[in-house]
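Notes to accompany the following structure.
The values are calculated or read from the model by the stated rules, or taken from the named source; none is laboratory data. A quick note: this is a predicted structure, and the numbers were derived from the prediction, not measured. Positions of Cβ are backbone-derived with ideal geometry, glycine not excepted, and every protein chain shown enters the neighbour counts. With ligands, DNA and RNA removed, areas are computed over all heavy atoms of the protein, side chains included. Shrake-Rupley method; radii C 1.70, N 1.55, O 1.52, S 1.80 Å.
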Amino acid sequence: MNDWHSWAAIAVFVGAYALIISEKIHRVAVALGGAGLMLAIRATDDESAFYSEHSGVDWNVIFLLMGMMMIVGVLKKTGMFEYLAIWSVKRARARPFRVMVMLVVITALASALLDNVTTVLLIAPVTLLVCERLALPAAPFLIAEVLASNIGGTATLVGDPPNIIIASRAGLTFNDFLVHLAPLVAVLVVVLLGLCRVMFRKSFRYDEERAAEVMALEEREAIHDPRLLVQGLIV
């Protein structure tokens, strides 16, 4: 690769990130457009991009993510995530900080076993509903869940796309990630909860009447298809 190829590749990379951050163009279109430009300026070629063992597309990552997204898509239809959210709120007795603790722990655990972005997308709508019922600001809860998702996803091979790429390239196993990272992740979740308690302390307002309304919710009604739920969890 010539020097101008290197500078052109850097320009494409920076431009793609700028467009993704601006959200003016959908990130999928930006990513595909950037990949096309890399081929057009001959910073790489089709063989290196698609078939090379070292620089090409890692199909292990692609198909593992695709499979996990299918499973999450099925579980979403069963109402499992709504069930978990209502269950956690009731176990926390609708106390705001306890609710945050439960949602953060659930998000972290789910992100360790499923794709973390998808987990947040499923937990967030239920969080908005809970915060509305309890008359609480949703932003602190959503921020905590996003951070918990990133932390929890670090614990396992399948929790985060970078982990899958690293494992595929380095030949690491699921247990390698679990043994070395899960203890650290547990500590980080505790630290996160401590920070949330300090940073968002003004948001934890308890309304007894609204809490009673949430406690009256029946989590079992959130499960739309019990048979599909069992099948999805087995898979």
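Electrostatic bookkeeping for ALA155 treats Lys and Arg as +1 and Asp and Glu as -1; over the other residues with beta carbon under 15 Å from its beta carbon, the sum is -3. Extension gain, VAL198-ARG220: 0.36 nm per intervening residue step, less the Cα-Cα distance, totals 4.5 nm. Taking 16 Å as the cut-off, the amide N atoms of the stretch 1-27 that come nearer than this to a point 7 Å along the Cα-to-beta-carbon line of ALA35 belong to 13, 16-17, 26-27. Judged by the gyration tensor of its Cα atoms, with axes a ≥ b ≥ c, the stretch 61-101 is oblate; a/c meets the 1.5 cut and b/c is at least as large as a/b. The accessible surface of the chain, taken with every protein chain in place and a 1.4 Å probe, is 66 percent carbon and sulfur. When all alpha carbon pairs of the chain are counted in 10 Å bins from zero, the resulting P(r) reads 7, 24, 29, 23, 11, 4, 1 %.
Which angle from 0 to 90°, rounded to the nearest 10, does the C-alpha axis of helix 80-91 make with the longest principal axis of the chain? Result, in degrees: 40. With respect to the chain, whose longest principal axis is taken over its alpha-carbon atoms, helix 174-199 is tilted by about 50°.
By the helix-only formula, in which each DSSP H run with n ≥ 4 contributes -39500 (n - 2.57) and the sum is divided by residues, the chain has a 222 nm mean residue ellipticity of -24500 deg cm²/dmol. Computed from backbone phi, the HN-Hα couplings of the stretch 215-223 come to 5, 7, 5, 10, 5, 5, 5, 6, 7 Hz, rounded to whole numbers (Karplus: 6.51 cos²θ - 1.76 cosθ + 1.60, θ = phi - 60°; Gly and Pro given as x).
Taking Cα atoms only, the orientation of helix 3-22 departs from the longest principal axis of the chain by about 20 degrees.
Determine the shape class of the stretch 99-235: with a ≥ b ≥ c the square roots of the Cα gyration tensor eigenvalues, call it rounded for a/c under 1.5, and otherwise prolate if a/b is greater than b/c, oblate otherwise. The shape class here is oblate. The residues of the stretch 95-191 have, on average, 44 Å² of accessible surface per residue, using a 1.4 Å probe with all protein chains present.
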